[in-house]
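What follows is a single structure, and I will ask about it in a moment.
The values are calculated or read from the model by the stated rules, or taken from the named source; none is laboratory data. Keep in mind that this is a model prediction, so the values were computed, not measured. As a convention, Cβ positions derive from the backbone with ideal geometry for all residues, glycine included, and neighbour counts pool all protein chains shown.
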């Protein structure tokens, strides 16, 4: 039987003690189990009524397993043993956690960076099948990825239809077009489950199972915890987690996640999307901050920070300070965090199932793609880095270091810094090493997101949550662009429009945004890291990151 344990101390324990009796008295757990859409208030009722399918999906999800196994065996018998997942946000984060934790290969393509797309496209194409995951099929990133793979298969003399597998909602535009096109398989997910709650539906199970993960045990673990999650009992770990997320007083709205041997690879990234997109709206919410061991945030003592330590199932570590420890299997945690996020939404007084501000950046990007304007001239150029920002932000800054200092100076006492890198998150992954250094410099929580993937994750919080964010956007020149079949724009143009559109929305909201464009990626990354190291007082590191 799967188990899940939550231990709390400090402000986390106080939140549980204060909020739990009311949650039990109001029968929040059993009402969630009964799909009571009134739990989040009248303004949320219509949305909640069509977003609670995740509470009892185990049997329906289990029915998918024989078809997943059959398809995997068939593909392997044909020499197809590499799976690429084309998906964004909720369609990609859960499968990435599931497969990485299981130690099986799944190429997750959740980027529009031309180099990252090309790398996925040219690696063992002859033995590759793709899973295209999208609730509607209208997601521009996913549609573009499908198009370029379909063209590549055909150009290589491979029957493209036999290599494309679709996961989507029934009767969606993608469902209809995929069946008409005769693709290898079409799996339908429950339309009453939102994307970020879909890890245990076809969106999580199909790519993970095809890649070789044991998704049957995943469902068993989730089922074993479900009977406890829906009890109106003070020992309910889901209620306790929800109380910690949404019930601290005053609200500790920076939730710092650190993995300390949980055995679940990347769980923090999945939880980040779930909580940020679910709670960050109406000027409130909680922002997950995924950090490394010994990160500055863990010892800052800031009054708006609470730590979540994800520990080994065998660990008996007790939390100290304002923190919780969480231990349990992946299946248990997927369902428990979904439940806790719904509970936190009630405590925060928001609808945990919509994402009203995500569309703003998409609309801005579409407008830039349609108009294709010339890029605005930089305020100045320092070495390999073009610097852009408002006059109010930059002032008299004339170097990269001065621009960064101006940005850091704009941080509010309860603010956070969000680094948004529209680059190749695989080849340029070491750039994320700047996150703890920046946290040390600023003394404030720092998030690091890869664009455009974070737009489907923390992007909602950045625009709709507590308006205290400060933003560092990093883009890079495209040395070799990649066309998108039957589209009037390339991947390079798409990612540039996505970055510019998001920066525009944030700036229009009055938030400080510093934009750094690396005219030469390797030199620019090296320069940026050297400047940040200098500002931190550390010796500059060698290498281009």
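So residue 212 clears everything in (1) surrounded by fewer than 23 Cβ atoms within 10 Å (Cβ to Cβ); (2) on the phi < 0 side of the Ramachandran plot; (3) modelled with pLDDT of 95 or more except one condition, right? Which one?
Answer for residue 212: the failing condition is (2).
Report, by residue number, each residue of the stretch 172-184 that is loosely packed, with under 14 Cβ neighbours inside 10 Å, without any contact (Cβ under 8 Å) to a residue 12 or more places away in the chain and farther than 17 Å from residue 67 by Cβ.
180
Then there is this: Step by step: first the residues of the stretch 406-437, then only those that are farther than 24 Å from residue 495 by Cα and out of contact with any helix residue (DSSP H, G or I) (no Cβ under 7 Å at 6 or more places or on another chain), then the one that is surrounded by the fewest Cβ atoms within 10 Å (Cβ to Cβ). Which residue is that?
413
Please indicate, with yes or no, whether at least one residue in the stretch 355-364 is free of Cβ contacts under 8 Å to residues at least 40 places away in the same chain, more than 23 Å from the chain's Cα centre (by Cα) and at negative phi.
no
Are any of the residues in the stretch 371-381 under 23 Å from the mean Cα position of the chain (by Cα) and either at pLDDT 95 or above or outside any loop (DSSP other than H, G, I, E, B) (or both)?
Within the stretch 371-381 (the criterion being under 23 Å from the mean Cα position of the chain (by Cα) and either at pLDDT 95 or above or outside any loop (DSSP other than H, G, I, E, B) (or both)), the answer is no, since none of the residues qualifies.
Based on this model, can you work out whether residue 326 counts as under 21 Å from the mean Cα position of the chain (by Cα), under 30 Å from residue 502 (Cβ atoms), touching a residue at least 12 places away in the same chain (Cβ under 8 Å) and surrounded by 20 or more Cβ atoms within 10 Å (Cβ to Cβ)?
no
Further question on the same structure: Checking residue 256 against (1) within 30 Å of residue 302 (Cα to Cα); (2) in a loop (DSSP other than H, G, I, E, B); (3) in contact with a strand residue (DSSP E or B) (Cβ under 6 Å, 6 or more places away or on another chain), which single condition isn't satisfied?
That leaves (2) as the condition not met.
Let me ask something else. Check whether at least one residue in the stretch 142-150 is in the same structural domain as residue 206 (by TED's automatic domain parsing), in contact with a helix residue (DSSP H, G or I) (Cβ under 8 Å, 6 or more places away or on another chain) and part of a loop (DSSP other than H, G, I, E, B), and report yes or no.
No - not one qualifying residue is present in the stretch 142-150.
Would you say residue 287 is within 20 Å of residue 442 (Cβ to Cβ) and without any contact (Cβ under 8 Å) to a residue 60 or more places away in the chain?
no
Any idea how many residues of the stretch 440-451 are crowded, with 24+ Cβ neighbours inside 10 Å and closer than 15 Å to residue 299 by Cβ?
Looking only at that region, the number is 3.
Quick check on the stretch 527-540. Is at least one of its residues in a loop (DSSP other than H, G, I, E, B) and either closer than 27 Å to residue 146 by Cβ or touching a strand residue (DSSP E or B) at 6+ places or on another chain (Cβ under 9 Å) (or both)?
Looking for residues that are in a loop (DSSP other than H, G, I, E, B) and either closer than 27 Å to residue 146 by Cβ or touching a strand residue (DSSP E or B) at 6+ places or on another chain (Cβ under 9 Å) (or both), one finds none in the stretch 527-540, hence no.
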